[in-house]
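What follows is a single structure, written as structure tokens, with notes after it.
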């Protein structure tokens, strides 16, 4: 069966981004942090890149591009939900540009087709990688003093095998 080209995100992609935003926002009740979703733009001044991360977190006052109220410059955490078509870019060229952001402390990449998370954390001049692959694992974000269980992150996500099984019965 031929695969059609996809424009925009999938339902799973959207659900994961919503789950993360909600989980973070609930934990920010008494913290000076804000979780922003993918229609707020990020500008990386060193590279000139403008992009729309799936989720970004700013601690303290938001620094906007001068004259704009829709383009942020100071995230502390960035989250990307990847697909087969974005995985290489998110891991490679995009992450290289993200590392140029002075305020960035953590970068999280999430697979939407299986429980799998890559969590990079800045440790001085180095970036340390942690991978999470089990639904009972917990993503810990030290820069925010927050935790998100993968079970929460992937809540209401329908794995392709489940979708195929339902379609087979139809």
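None of the figures in this text is laboratory data; all of them are computed from the coordinates on show. Remember, it's a predicted structure, so these values are computed and weren't measured experimentally. All Cβ positions, even for glycine, are placed from backbone atoms using ideal geometry, and neighbour counts span all protein chains on display.
So for the chain, averaging the separation of alpha carbon pairs under 8 Å that are six or more residues apart and normalising by length, what relative contact order in percent results?
On the way: 268 pairs, mean separation 31.4, N = 170.
Relative contact order for the chain comes out at 18 percent.
Take 106, 130 and order them by how many other Cβ atoms sit within 10 Å, fewest up front. List each step's numbers first, then the result.
On the way: 106 22, 130 13.
Least to most surrounded, the residues fall as 130, 106.
Would you give the gap between the C-alpha center of region 24-74 and the C-alpha center of region 97-146, rounded to a whole Å?
One Cα centre to the other: 17 Å.
Would you order 43, 13 from fewest to most other beta-carbon atoms within 10 Å of each residue's own beta-carbon?
Sorted ascending by nearby Cβ count, the order is 43, 13.
For the chain, what is the mean residue ellipticity at 222 nm derived from helices alone (per DSSP H run of n ≥ 4: -39500 (n - 2.57); sum divided by total residues; nearest 500 deg cm²/dmol)?
Taking each H run of at least 4 residues, the total per residue is -7000 deg cm²/dmol.
So how do 157, 128, 108 line up by other beta-carbon neighbours within 10 Å, fewest first? Spell out each step's value before the answer.
Working: 157 18, 128 11, 108 24.
By the 10 Å Cβ count, ascending: 128, 157, 108.
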